[in-house]
Amino acid sequence: MKVLQAPPVDSLAFVGKSWRGRGLIYWVVRTFVALFFFLMAVLVFAAAIGITIGIIDAGAPPWVVVPVVVTASASSTFITVRSVIQKQREQAHVGDHELKPERARDGEVRSRSRRIGGSAGALGYGLRALGGIGAFVAAICVPIAVGVVPVILWFWLKPLVPGELRARRKLARWLTVHGREDEIPAGWKIS
């Protein structure tokens, strides 16, 4: 008698494993994440405008400040989009070497989120402690964030959440390798 093994389902950022069923939890989380990044984009744009006006009011010439802010925002947008597209292309093809235990991936996600949380906390503490230098760093970081946050929002407004296509292909590959092609949903077939 053949024992059926449960297929590995990757846990994605924010939506977890709910991406496979796309039920109520999935759509509620996607809505809140998109709303969060929309509010962050509004906040970052308002901060960028406020910092730009503050620098101009302090006596800096607007024909220098505005192009610098626009250039920083445009270059950060370009770099972010380019790196995300490159990463998606690298992950487009799932090979047999990626059929590894699910728990190893969960450990990677946990350690990455701890590093991100620690970095954000250290940045906030550093800005508060540095005072004027912190304001200068904010004046540099905000225009960069103007390019990054809308790109993140755009990826959460796409039909598939970040990483979902890769997870679908990985699951379809696993089911194919184990002779269970009939369990692959119609739109998930791999070539």
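Considering (1) closer than 28 Å to Phe36 by Cβ; (2) open to solvent by 60 Å² or more (accessible area, probe 1.4 Å); (3) at pLDDT 55 or above, the lone condition that Pro162 does not fulfil carries the number (2). So, of the residues in the range 28-72 that are within 18 Å of the chain's Cα centre (by Cα) and open to solvent by less than 50 Å² (accessible area, probe 1.4 Å), which turns out to be nearest to Pro150 (Cα to Cα)? Restricting to residues being within 18 Å of the chain's Cα centre (by Cα) and open to solvent by less than 50 Å² (accessible area, probe 1.4 Å), the top hit is Ala41. Across the range 1-27, the qualifying residues are those that are more than 20 Å from Trp154 (Cα to Cα) and assigned to a helix (DSSP H, G or I), and the one among them that is least open to solvent (accessible area, probe 1.4 Å) is Ile25. Might you check whether a residue that is of a type in the set (S, T, N, Q) and modelled with pLDDT under 80 occurs anywhere in the range 87-98? Among the residues of the range 87-98, at least one is of a type in the set (S, T, N, Q) and modelled with pLDDT under 80, which makes the answer yes.
Can you go through Arg103, Arg112, Arg82 and tell me which one is at pLDDT 80 or above, exposed (fewer than 13 other Cβ atoms within 10 Å of the Cβ), within 23 Å of the chain's Cα centre (by Cα) and closer than 24 Å to Leu165 by Cβ? Give the derivation first.
Numbers: Arg103 fails: at pLDDT 80 or above; Arg112 fails: at pLDDT 80 or above.
Exactly one of Arg103, Arg112, Arg82 is at pLDDT 80 or above, exposed (fewer than 13 other Cβ atoms within 10 Å of the Cβ), within 23 Å of the chain's Cα centre (by Cα) and closer than 24 Å to Leu165 by Cβ, namely Arg82.
Would you confirm whether any residue within the range 48-57 is within 15 Å of Leu157 (Cβ to Cβ) and in a helix (DSSP H, G or I)?
At the first step, the residues of the range 48-57 found to be within 15 Å of Leu157 (Cβ to Cβ) are none.
Within the range 48-57, none of the residues are within 15 Å of Leu157 (Cβ to Cβ) and in a helix (DSSP H, G or I).
Restricting attention to the range 168-191, which residues are at pLDDT 80 or above and either more than 27 Å from the chain's Cα centre (by Cα) or of a type in the set (A, V, I, L, M) (or both)? Quick ask: steps written out before the conclusion?
Taking the range 168-191 and keeping what is at pLDDT 80 or above, we get 168-185.
Those that are at pLDDT 80 or above and either more than 27 Å from the chain's Cα centre (by Cα) or of a type in the set (A, V, I, L, M) (or both): Leu171, Ala172, Leu175, Thr176, Val177, His178, Gly179, Arg180, Glu181, Asp182, Glu183, Ile184.
Kindly indicate which of Val66, Val28 is of a type in the set (A, V, I, L, M) and in contact with a helix residue (DSSP H, G or I) (Cβ under 7 Å, 6 or more places away or on another chain).
On the way: Val28 fails: in contact with a helix residue (DSSP H, G or I) (Cβ under 7 Å, 6 or more places away or on another chain).
One residue alone meets the criteria, Val66.
The values are calculated or read from the model by the stated rules, or taken from the named source; none is laboratory data. Computed from a predicted model, the values in this text were never measured in an experiment. Counting neighbours? That spans all protein chains shown, and the Cβs are built from the backbone with ideal geometry, glycine included. Ligands, DNA and RNA are stripped out before the accessible areas are found, and what is left, the full protein with its side chains, is counted by its heavy atoms. Shrake-Rupley method; radii C 1.70, N 1.55, O 1.52, S 1.80 Å.
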